[in-house]
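Peer 1: What follows is a single structure, and I will ask about it in a moment.
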Amino acid sequence: MAESRHSVFRQFAASDWDGFLKGVEKEGLRVDRNGFIAQTPHPGALGSALTHPRITTDYSEALLELITPVFNSTGGMLKSLRDIHTYVQQNLGDEVFWAASMPCELDGDPSIPIAEYGSSNIGQLKHVYRQGLAVRYGRMMQSIAGAHYNLSLPDSFWHKWQELLGNEQSLKDFKSDQYFWLIRNFRRRSWLLMLLFGASPALDASFVAGVSHDLSQFDERSWYGEYATSLRMGDLGYHNNAQASLNICFNELSTYTQTLDRAIHTTWPAYEEIGIRRGDQFIQINTSVLQIENEYYSAVRPKRTTQREEKPIQALEARGVEYIEVRCLDLDPFSPVGVNEAQIDFLDLFLLDCLLSDSPRIGDEECERLDDNYKDVVSNGRYRELKLCRAGERTPVSEAATDILAQLEPLAELLDSWRGDDTYRRALAAQREVLTGEWTVPSARVLDAMRSSGLGHREWGMEMAQQHQQTLRKEGLDAHVRQAFDAMTAESLAEQAQMERADTLPFSEFLEQYLRS
């Protein structure tokens, strides 16, 4: 019998282990003092949303996205994220930074301003892509916020791991295959993250105005899912019929890029009917199932840093997988920065175990079961009698979750022995604790907090946002940190202006070239 990968990993010495590389992209809405989505432009004090390395916008002009550099420690990453948040909070004037994943008060699509990136061709392309999302899915879905966790392992790990496995591939191909090994197991277990970190069980009534749904009424301005963990990841969130037709294969890099590329080059009748232009205005990049790779909504993505004007598929095919992006995380509304330390350390442990556990290719039948497990936990994860399909049997969700946590214990002990502390055992214990007794998972805590405060989703979200703003403004920033952010602001504005001056090609021709590349 072949030696297990966990046993092979134990052949590492403490001196061989350099830990994880990590970063976060955290979204959040700017909101006015009445709890309504901000109608103001991206604040000039935050620089250019096109070129700023730390502060940009996602779909909407009101939807900020904050990006940390890559760190080798959770503490360093969270300190950076807190600094970025603090700088933002200091430059929001009388607006606040919404704390929840499901949005504040909205008034239909017109109330959600599409992000602007200036007159350069790249800036216009980003705006037209978002116009395409609007005509395809509507803007309401695009007002939802989340956190994306990016994780990789350093080359020192991959060299040692390849040596221990006796693998003779190129390092590029080996890493890509191993990251897809991890992804396959992530797909098998991602339901657990929705149970442990889903934190959007309720929403503002304005989000579902005129929409058919099966939610329960919390108060006259709030609805909630009785057992839901994450409305953000359910049918009211990132879900759409055209994408439901996709069959993106996560078994290996070649099948992933081929099936994704096919979606970008396969037209969709409803989008053809809309067309690319409305008068002189471009309203879609193309009429394919996907305009670009980033339009595909998935809980996880293999990623490679792109060069300017390079497409994600091109980067992956040329240089292989660089890191994994976990995209299914709701914002933690109780944290001033939307994520927390125990969560990040648990994710590291969870993802490493996905790499070290057996991970056969996923066939169509298993793929369907995995999708069902994920959807069931998103919509009914707090229902104690919910059963998931595991190894051909129906298993109570509590038992399935407990089994995975138990499986992680030996790995947590090993990593802690190398570090000389109890980081991973504490992270594991924190998740085990929320699954005991009354199940104090984040989605339950949100509903409990709303009930105990007597506030609906809108008012409670506003209260949390104001608390976080006060906390961070009071903490402030060291002078050198603030100066560094001020410099980034000025440099980003200058870079955008330079790009706009340099562009001489009409956008229509630029788009033609982009689509041909």
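Peer 1: Kindly evaluate LEU505 against the criterion of being in contact with a Ser or Thr (Cβ under 6 Å, 6 or more places away or on another chain) and not in a helix (DSSP H, G or I). Step through it out loud before you land on a result.
Peer 2: On the way: in contact with a Ser or Thr (Cβ under 6 Å, 6 or more places away or on another chain): no; not in a helix (DSSP H, G or I): yes.
So LEU505 does not fit the description; no.
Peer 1: Criterion first (out of contact with any Pro (no Cβ under 9 Å at 6 or more places or on another chain) and crowded, with 22+ Cβ neighbours inside 10 Å) does VAL24 satisfy it? Lay out the reasoning, then the answer.
Peer 2: Numbers: out of contact with any Pro (no Cβ under 9 Å at 6 or more places or on another chain): yes; crowded, with 22+ Cβ neighbours inside 10 Å: yes.
The answer is yes for VAL24.
Peer 1: Search region 258-283 for residues that are assigned to a helix (DSSP H, G or I) and pair each with any residue that is open to solvent by 60 Å² or more (accessible area, probe 1.4 Å) and not β-branched (Val, Ile, Thr) when their beta-carbon atoms are under 8 Å apart and the residues are at least 6 apart or on different chains.
Peer 2: Listed by first residue and then by second, the contacts come to THR259/ASN247.
Peer 1: Further, regarding this structure: Would you mind telling me which numbered condition in (1) surrounded by 16 or more Cβ atoms within 10 Å (Cβ to Cβ); (2) small (Gly, Ala, Ser); (3) farther than 16 Å from VAL300 by Cβ GLY392 fails?
Peer 2: For GLY392, the exception is condition (1).
Peer 1: What's the total number of residues in region 428-450 that are assigned to a helix (DSSP H, G or I) and surrounded by fewer than 13 Cβ atoms within 10 Å (Cβ to Cβ)?
Peer 2: If we filter region 428-450 for residues that are assigned to a helix (DSSP H, G or I), which is where we start, we get 428-434, 442-450.
Narrowing further to those that are surrounded by fewer than 13 Cβ atoms within 10 Å (Cβ to Cβ): 433, 448.
Residues flagged as assigned to a helix (DSSP H, G or I) and surrounded by fewer than 13 Cβ atoms within 10 Å (Cβ to Cβ) within region 428-450 amount to 2.
Peer 1: Next question. What pairs can you find where one residue is in region 434-453 and more than 16 Å from LEU231 (Cα to Cα) and of a type in the set (D, E, K, R), the other is open to solvent by less than 30 Å² (accessible area, probe 1.4 Å) and in a helix (DSSP H, G or I), and their Cβ atoms are less than 8 Å apart, with a gap of 6+ or different chains?
Peer 2: Going by the 8 Å Cβ cut-off, the qualifying pairs are GLU438/ALA444.
Peer 1: Consider TRP191 carefully, then state whether it is crowded, with 20+ Cβ neighbours inside 10 Å, outside any loop (DSSP other than H, G, I, E, B) and more than 19 Å from the chain's Cα centre (by Cα).
Peer 2: Values: crowded, with 20+ Cβ neighbours inside 10 Å: yes; outside any loop (DSSP other than H, G, I, E, B): yes; more than 19 Å from the chain's Cα centre (by Cα): no.
No.
Peer 1: Also, quick follow-up: So which residues in region 135-159 are farther than 26 Å from GLU322 by Cβ, of a type outside the set (Ser, Thr, Tyr) and surrounded by fewer than 20 Cβ atoms within 10 Å (Cβ to Cβ)? Explain how you work it out, then say what you get.
Peer 2: Let us first name the residues in region 135-159 that are farther than 26 Å from GLU322 by Cβ, namely 135-144.
Retained after the next criterion (residues that are of a type outside the set (Ser, Thr, Tyr)): 135-136, 138-142, 144.
The answer is VAL135, GLY138.
Peer 1: Given the structure, is LEU215 closer than 30 Å to GLY19 by Cα, touching a strand residue (DSSP E or B) at 6+ places or on another chain (Cβ under 7 Å) and either open to solvent by less than 10 Å² (accessible area, probe 1.4 Å) or free of Cβ contacts under 8 Å to residues at least 60 places away in the same chain (or both)?
Peer 2: On the way: closer than 30 Å to GLY19 by Cα: no; touching a strand residue (DSSP E or B) at 6+ places or on another chain (Cβ under 7 Å): yes; either open to solvent by less than 10 Å² (accessible area, probe 1.4 Å) or free of Cβ contacts under 8 Å to residues at least 60 places away in the same chain (or both): yes.
Criteria not met by LEU215.
Peer 1: Regarding region 264-281, can at least one residue be identified that is in contact with an Asp or Glu (Cβ under 9 Å, 6 or more places away or on another chain) and basic (Lys, Arg)?
Peer 2: From region 264-281, those in contact with an Asp or Glu (Cβ under 9 Å, 6 or more places away or on another chain) are 264; that's our starting set.
Right, trim to basic (Lys, Arg) and you get none.
No, there is no match, as no residue in region 264-281 is in contact with an Asp or Glu (Cβ under 9 Å, 6 or more places away or on another chain) and basic (Lys, Arg).
Peer 1: I'd like the residue in region 395-407 that is hydrophobic (A, V, I, L, M, F, W, C) and over 13 Å from VAL377 (Cα atoms) and, out of all such residues, is most open to solvent (accessible area, probe 1.4 Å). Spell out how you get there, then give the answer.
Peer 2: Filtering region 395-407 for residues hydrophobic (A, V, I, L, M, F, W, C) gives 397, 400-401, 404-406.
Still in the running and over 13 Å from VAL377 (Cα atoms): 404-406.
Numbers: ILE404: 18, LEU405: 5, ALA406: 52 Å².
Of everything passing the filter in region 395-407, ALA406 is most open to solvent (accessible area, probe 1.4 Å).
Peer 1: Considering every residue within region 411-427, establish whether at least one is in contact with a Pro (Cβ under 9 Å, 6 or more places away or on another chain) and surrounded by fewer than 19 Cβ atoms within 10 Å (Cβ to Cβ). Steps first, please.
Peer 2: Residues of region 411-427 that are in contact with a Pro (Cβ under 9 Å, 6 or more places away or on another chain), as a first pass: none.
Taking every residue of region 411-427 in turn, none turns out to be in contact with a Pro (Cβ under 9 Å, 6 or more places away or on another chain) and surrounded by fewer than 19 Cβ atoms within 10 Å (Cβ to Cβ).
Peer 1: Continuing with this model, one more query. Scan ILE248, ILE276 and give me the residue that is among the aliphatic types (A, V, I, L, M) and open to solvent by less than 30 Å² (accessible area, probe 1.4 Å).
Peer 2: Numbers: ILE276 fails: open to solvent by less than 30 Å² (accessible area, probe 1.4 Å).
Only one candidate passes the filter, namely ILE248.
Peer 1: Would you confirm whether or not region 111-134 contains a residue that is surrounded by fewer than 21 Cβ atoms within 10 Å (Cβ to Cβ) and farther than 30 Å from ALA494 by Cβ?
Peer 2: Among the residues of region 111-134, at least one is surrounded by fewer than 21 Cβ atoms within 10 Å (Cβ to Cβ) and farther than 30 Å from ALA494 by Cβ, which makes the answer yes.
Peer 1: Something else now. Of all residues in region 194-220, how many are on the phi < 0 side of the Ramachandran plot, outside any helix (DSSP H, G or I) and not hydroxyl-bearing (Ser, Thr, Tyr)?
Peer 2: Result for region 194-220: 15.
Peer 1: Do we have any residue at all in region 154-173 that's of a type outside the set (Ser, Thr, Tyr), at pLDDT below 95 and at negative phi? Give the steps one after another, and end with the answer.
Peer 2: Taking region 154-173 as the starting set, the residues that turn out to be of a type outside the set (Ser, Thr, Tyr) are 154-155, 157-169, 171-173.
Narrowing the set further to residues that are at pLDDT below 95 leaves none.
The answer is no; no qualifying residue exists.
Peer 1: Which residue is modelled with the lowest pLDDT, if the candidates are limited to region 194-238 and must be closer than 22 Å to ASP107 by Cβ and under 18 Å from the mean Cα position of the chain (by Cα)? So that I can check it myself, show each step before the final result.
Peer 2: Looking only at region 194-238, we keep the residues that are closer than 22 Å to ASP107 by Cβ, and these are 200, 202-213, 215, 217-224, 231-232, 236-238.
After this cut, where a residue has to be under 18 Å from the mean Cα position of the chain (by Cα) as well, the list is 200, 231-232, 236-238.
On the way: SER200: 98, LEU231: 97, ARG232: 96, LEU236: 83, GLY237: 72, TYR238: 62.
Selected residue: TYR238.
Peer 1: Considering only residues that are over 16 Å from LEU329 (Cα atoms) and in contact with a strand residue (DSSP E or B) (Cβ under 6 Å, 6 or more places away or on another chain), look in region 224-233 and name the one that is surrounded by the fewest Cβ atoms within 10 Å (Cβ to Cβ). Talk me through it step by step, then tell me what you get.
Peer 2: Filtering region 224-233 down to residues over 16 Å from LEU329 (Cα atoms) leaves 224-227.
Then drop every residue that is not in contact with a strand residue (DSSP E or B) (Cβ under 6 Å, 6 or more places away or on another chain), which leaves 224, 226.
Numbers: TYR224: 22, GLU226: 13.
Going through the qualifying residues, I end up with GLU226.
Peer 1: Which pairs turn up if I take residues in region 464-479 that are open to solvent by 30 Å² or more (accessible area, probe 1.4 Å) and look for partners that are of a type in the set (Val, Ile, Thr) with beta carbon separation below 8 Å, at least 6 apart in sequence or on another chain?
Peer 2: Correct list of pairs: GLN466/VAL96; ARG473/THR86; GLU475/THR86; LEU477/THR86.
The values are calculated or read from the model by the stated rules, or taken from the named source; none is laboratory data. Keep in mind the model is a prediction, meaning the values are calculated, not measured. Don't worry about glycine lacking a Cβ; one is built from the backbone with ideal geometry, like all the others, and counts go over all protein chains shown. Protein only, heavy atoms only, side chains kept; ligands, DNA and RNA dropped before computing areas. Shrake-Rupley method; radii C 1.70, N 1.55, O 1.52, S 1.80 Å.
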